[in-house]
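Asker: Please read through the structure below; I'll follow up with questions.
The values are calculated or read from the model by the stated rules, or taken from the named source; none is laboratory data. Note that the structure is a prediction, hence the values are computed from the model and not measured. Here the Cβ positions follow ideal geometry from the backbone for every residue, glycine too, while neighbour counts run over all protein chains shown. Quick note on the areas: whole protein, heavy atoms, side chains included, nothing else; ligands and nucleic acids left out. Shrake-Rupley method; radii C 1.70, N 1.55, O 1.52, S 1.80 Å.
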Amino acid sequence: MIYQSTYQAAVVIAPQVEAIFAQHLNLARESGEEDLAPLPEARFVEVIIDATFWASLRKEEGHSPKISLAFLPPKQAGNPLLFKQRLLLTPSTLAKIAPGVERAGIHLGIWHDGDEVYIWGTTTSIPNFCFVLDVSEPSLLVIKHRRIYGFGKFTNVAVLKGEQIKIVDSSSTSVPDTPTILLSLLDLTAPSYWNDAVNVLIQLAVSMRAHQRGGALLVVPDSCKTWLHSIIKPIQYDIQPAFSGLSKLLSQDRKEASQIFWQTALKREVEHLAGLTAVDGATIVSDGYELLAFGAKIGRAKNKETVEEIYFSEPILGGGAVMMHASKLGGTRHLSAAQFVHDQNDALALVASQDGHFTIFSWSVQKQKVQAHRIDTLLL
């Protein structure tokens, strides 16, 4: 039986996805990389997206499915869990099996026999540049791949929300003032320069977005205290001395402790800090990740002008930088973050909205203006 797609976005995006993965795989082979995933051909991508989209709209015992599908044969899956009988890839099958495989790091293994696409089992191990499709919520699908060096969050390729398609555009970061966190999310940071602190900032952003209460995180230089000029006194939740749980982990000699233990401890500290951003006001950390305060109110620094025009961009095709008034970007939280960076050019501000949007504010030396990068497409 040949599967007939009825989700139009799957038909539209499938050839583009094949082309993107083909480019990644070709470059990786030319660089001598091994353990590479198979190319996800458009005909299979279309089927996988279509079946997963319709499955995302179903419910089992009142719960919507949250699943991750990986396109690979069992022989490339390390130590896979294999079903005795293959399961046809259909919305009904995915919805039924979803409750058992919704935990992080577990993928349903998808492969093909001729034109027939089937589910062969589950795996926690996938090769480099493996095509992965995640269901984040009903009708919200994320296409991603495992980073070539296997550490950190998967790299997003595209996001589908109903009929809306957003394809990540890595070329949108060609300006010299692009924040390092954005380069890392786009997998553009060379591995020899990989910075644990940048990876932690990504994890903080993901955790901030996950609590769905909105929040602001200000990252300020440890070397000076001028940022205090932009904070209204008294600070309700000032931390004295600064809390160094996260910073101590980052400075720890990893050879003295197991990697799994370290990552577990890191996740706990990240969740602890990110949770504080749900409190009204801004959470403030040093660039060495010491917690300085939370619930802080931002005010315009003395002798500083009110922020007006900023550059706004989103790293997707068609999301190039445009000039806009700061007040049009969002509510009070966004405006105050933009003002803070306008006054404190060496600071970084991360803002999560309750509706899921996530924005990084930084200072552009080249443009001499605040720039706002909307990155929720990369955090899913």
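Asker: Of a type in the set (Asp, Glu), at positive phi and more than 23 Å from the chain's Cα centre (by Cα): does that describe Glu30?
Answerer: On the way: of a type in the set (Asp, Glu): yes; at positive phi: no; more than 23 Å from the chain's Cα centre (by Cα): yes.
The answer is no for Glu30.
Asker: Continuing with this model, one more query. Might you let me know whether the range 209-219 holds any residue that is modelled with pLDDT of 65 or more, part of a helix (DSSP H, G or I), more than 14 Å from the chain's Cα centre (by Cα) and surrounded by fewer than 20 Cβ atoms within 10 Å (Cβ to Cβ)? Give the steps one after another, and end with the answer.
Answerer: Looking only at the range 209-219, we keep the residues that are modelled with pLDDT of 65 or more, and these are 209-219.
Those still in the list that are part of a helix (DSSP H, G or I) too: 209-210.
Now drop any that are not more than 14 Å from the chain's Cα centre (by Cα), which leaves none.
Scanning the range 209-219 turns up no residue that is modelled with pLDDT of 65 or more, part of a helix (DSSP H, G or I), more than 14 Å from the chain's Cα centre (by Cα) and surrounded by fewer than 20 Cβ atoms within 10 Å (Cβ to Cβ).
Asker: Turning to a different aspect of this structure: Take the range 330-347 and flag every residue that is in contact with a Leu (Cβ under 9 Å, 6 or more places away or on another chain) and open to solvent by 30 Å² or more (accessible area, probe 1.4 Å). Let's see the steps before the verdict.
Answerer: First, pick out the residues of the range 330-347 that are in contact with a Leu (Cβ under 9 Å, 6 or more places away or on another chain): 335, 337-338, 340-341, 344, 347.
Correct list: Leu335 only.
Asker: From the list Phe83, Phe21, exactly one residue is touching a strand residue (DSSP E or B) at 6+ places or on another chain (Cβ under 7 Å) and surrounded by fewer than 17 Cβ atoms within 10 Å (Cβ to Cβ). Which is it? Spell out the reasoning first.
Answerer: On the way: Phe21 fails: surrounded by fewer than 17 Cβ atoms within 10 Å (Cβ to Cβ).
Selected residue: Phe83, the only one of Phe83, Phe21 that is touching a strand residue (DSSP E or B) at 6+ places or on another chain (Cβ under 7 Å) and surrounded by fewer than 17 Cβ atoms within 10 Å (Cβ to Cβ).
Asker: Could you go through the range 290-299 and let me know if any residue there is modelled with pLDDT of 90 or more and acidic (Asp, Glu). Spell out how you get there, then give the answer.
Answerer: In the first step, residues of the range 290-299 are kept if they are modelled with pLDDT of 90 or more; the result is 290-299.
Subset that is acidic (Asp, Glu): 290.
Yes, the range 290-299 has at least one match.
Asker: Which residue pairs have Cβ atoms closer than 6 Å, lie 6 or more positions apart in sequence or on different chains, and pair a first residue in the range 1-18 that is more than 18 Å from Tyr118 (Cβ to Cβ) with a second residue that is in a loop (DSSP other than H, G, I, E, B) and modelled with pLDDT of 95 or more?
Answerer: Final answer for the pair search is Glu18/Glu41.
Asker: For the range 357-378, give me the residue count where each residue is open to solvent by 10 Å² or more (accessible area, probe 1.4 Å) and either under 12 Å from the mean Cα position of the chain (by Cα) or closer than 17 Å to Pro138 by Cα (or both).
Answerer: Counting residues in the range 357-378 that are open to solvent by 10 Å² or more (accessible area, probe 1.4 Å) and either under 12 Å from the mean Cα position of the chain (by Cα) or closer than 17 Å to Pro138 by Cα (or both) gives 3.
Asker: Given the conditions (1) open to solvent by less than 20 Å² (accessible area, probe 1.4 Å); (2) at pLDDT 75 or above; (3) assigned by the TED database to the domain that holds Tyr289, and given that Leu185 satisfies all but one, which numbered condition is not satisfied?
Answerer: (2)
Asker: Which members of the range 284-307 meet the condition of being closer than 16 Å to Thr332 by Cβ and among the β-branched types (Val, Ile, Thr)? If you could, list the steps in order and put the result at the bottom.
Answerer: Step one: list which residues in the range 284-307 are closer than 16 Å to Thr332 by Cβ, which gives 295-300, 306-307.
Hits for the range 284-307 are Ile298, Thr306, Val307.
Asker: Related question: In the range 109-133, which residues are more than 16 Å from Asn79 (Cβ to Cβ) and surrounded by 19 or more Cβ atoms within 10 Å (Cβ to Cβ)? Give the steps one after another, and end with the answer.
Answerer: First, pick out the residues of the range 109-133 that are more than 16 Å from Asn79 (Cβ to Cβ): 110-119, 128-129, 131-133.
Ile110, Trp111, Val117, Ile119, Phe129, Phe131, Val132, Leu133, listed by residue number.
Asker: Another question about this same structure. What residue, among those in the range 152-172 that are farther than 26 Å from Ile126 by Cβ and not in a loop (DSSP other than H, G, I, E, B), is modelled with the highest pLDDT?
Answerer: Just the residues of the range 152-172 that are farther than 26 Å from Ile126 by Cβ, to begin with: 162-164, 171-172.
In the following step, the residues that additionally are not in a loop (DSSP other than H, G, I, E, B) were identified as 164, 171-172.
On the way: Gln164: 88, Ser171: 68, Ser172: 61.
Ranking the candidates gives Gln164 first.
Asker: Which count do you get for residues in the range 224-245 that are open to solvent by less than 90 Å² (accessible area, probe 1.4 Å) and assigned to a helix (DSSP H, G or I)?
Answerer: Going through the range 224-245 one residue at a time, the tally reaches 5.
Asker: Residues to consider are Ile67, Ile106; find the one that is in contact with a strand residue (DSSP E or B) (Cβ under 7 Å, 6 or more places away or on another chain), of a type outside the set (Gly, Ala, Ser), assigned by the TED database to the domain that holds Phe154 and surrounded by fewer than 17 Cβ atoms within 10 Å (Cβ to Cβ). Give the derivation first.
Answerer: Values: Ile67 fails: surrounded by fewer than 17 Cβ atoms within 10 Å (Cβ to Cβ).
None of the others qualify; the one that does is Ile106.
Asker: For the range 294-315, which residues satisfy the criterion of being more than 21 Å from the chain's Cα centre (by Cα) and either buried (at least 23 other Cβ atoms within 10 Å of the Cβ) or aromatic (Phe, Trp, Tyr) (or both)? Talk me through it step by step, then tell me what you get.
Answerer: From the range 294-315, those more than 21 Å from the chain's Cα centre (by Cα) are 294-311; that's our starting set.
Matches in the range 294-315: Phe294, Ala296, Ile298, Ile310, Tyr311.
Asker: Now, a different point. Would you please name the residue that is farthest from Leu350 (Cα to Cα), looking only at residues in the range 246-287 that are buried (at least 16 other Cβ atoms within 10 Å of the Cβ), at pLDDT below 90 and among the small types (Gly, Ala, Ser)?
Answerer: Ranking the qualifying residues of the range 246-287, first place goes to Ala265.
Asker: For Thr93, are the conditions met, namely being assigned by the TED database to the domain that holds Ile20, outside any strand (DSSP E or B) and without any contact (Cβ under 8 Å) to a residue 60 or more places away in the chain? Full working, then the answer.
Answerer: On the way: assigned by the TED database to the domain that holds Ile20: yes; outside any strand (DSSP E or B): yes; without any contact (Cβ under 8 Å) to a residue 60 or more places away in the chain: yes.
Taking the combined requirement at face value, the residue satisfies it.
Asker: Does the range 86-102 include one or more residues that are open to solvent by less than 60 Å² (accessible area, probe 1.4 Å), within 23 Å of the chain's Cα centre (by Cα) and not basic (Lys, Arg)?
Answerer: There is at least one residue in the range 86-102 that is open to solvent by less than 60 Å² (accessible area, probe 1.4 Å), within 23 Å of the chain's Cα centre (by Cα) and not basic (Lys, Arg).
Asker: Does His325 fit the bill of being surrounded by fewer than 19 Cβ atoms within 10 Å (Cβ to Cβ) and under 20 Å from the mean Cα position of the chain (by Cα)?
Answerer: Criteria not met by His325.
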